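The values are calculated or read from the model by the stated rules, or taken from the named source; none is laboratory data. Here the structure is a predicted model, which means the values were calculated and not measured. Neighbour counts are summed over all protein chains in view; Cβ atoms, including those assigned to glycine, are modelled from backbone coordinates with ideal geometry.
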Amino acid sequence: MTSVDFTDPIWELIARFAIDTLAIIVLLFFMYYRRYRDRELATTASMFNVFAFAVLTILSSVEFSIAAGFGLFAILALFSLRSEQIEKIEIAYFFGAIAIAVICSVQGTSLTMVIAITTFVLIGAWLLDHPKMLKSSSGAKVTLDKIDPHVLSDVELMRSQLSERLGVEVMNFHITELNYVNDLAHINVYYRN
């Protein structure tokens, strides 16, 4: 009968992956998905976490040059050039998924430290994005079927027209696209409930 050697590095890797997986489930499925119902981002960020964990585990166990590190970041930068624009909160959760992968995969820290830092990240995300924090405003993406002539020149008039049209107090708005060919305006509207 063979005994299991828990000092074998494979057991530490399994423990780190278990911590990473548990943290991602909490961050993306119990926090992000329950609040925003965005299945696509929750799935994408969790897959990215697993892939980053794998790559970083390999890279942290071998000699890795600065040039290779810059190459890796250059490849990651290409994703942003080829991807659709995502909201700030989505970027935060996506970065959180990457941060957890880094925390859990880089060797040289104890499992106790990994658990403590991962817990700190999860508690911070839960508190900072809790619905009762900064509860006074909400946001929506709006597409207008006609570009008003004053959309850029008179911000206050545009804000009041959006408030009237939507039936809420528009606090701020951000124009993401003006399409003069189809006479469409895509606007992110931030309003008070």
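Observations on the structure shown:
- Residue in the stretch 60-75 that is surrounded by 12 or more Cβ atoms within 10 Å (Cβ to Cβ), of a type in the set (Ser, Thr, Tyr) and at pLDDT 85 or above present: no
- Subset of the stretch 25-43 [under 23 Å from LEU127 (Cα atoms) and free of Cβ contacts under 8 Å to residues at least 60 places away in the same chain]: ILE25, PHE29, PHE30, TYR33, ARG34, TYR36, ARG37, ASP38, ARG39, LEU41, ALA42, THR43
- Annotation: THR176 fulfils all but one of (1) touching a residue at least 40 places away in the same chain (Cβ under 8 Å); (2) crowded, with 16+ Cβ neighbours inside 10 Å; the unmet one is (2).
- Evaluated against (1) surrounded by 13 or more Cβ atoms within 10 Å (Cβ to Cβ); (2) under 30 Å from ALA23 (Cα atoms), ARG159 falls short on exactly one condition, (2).
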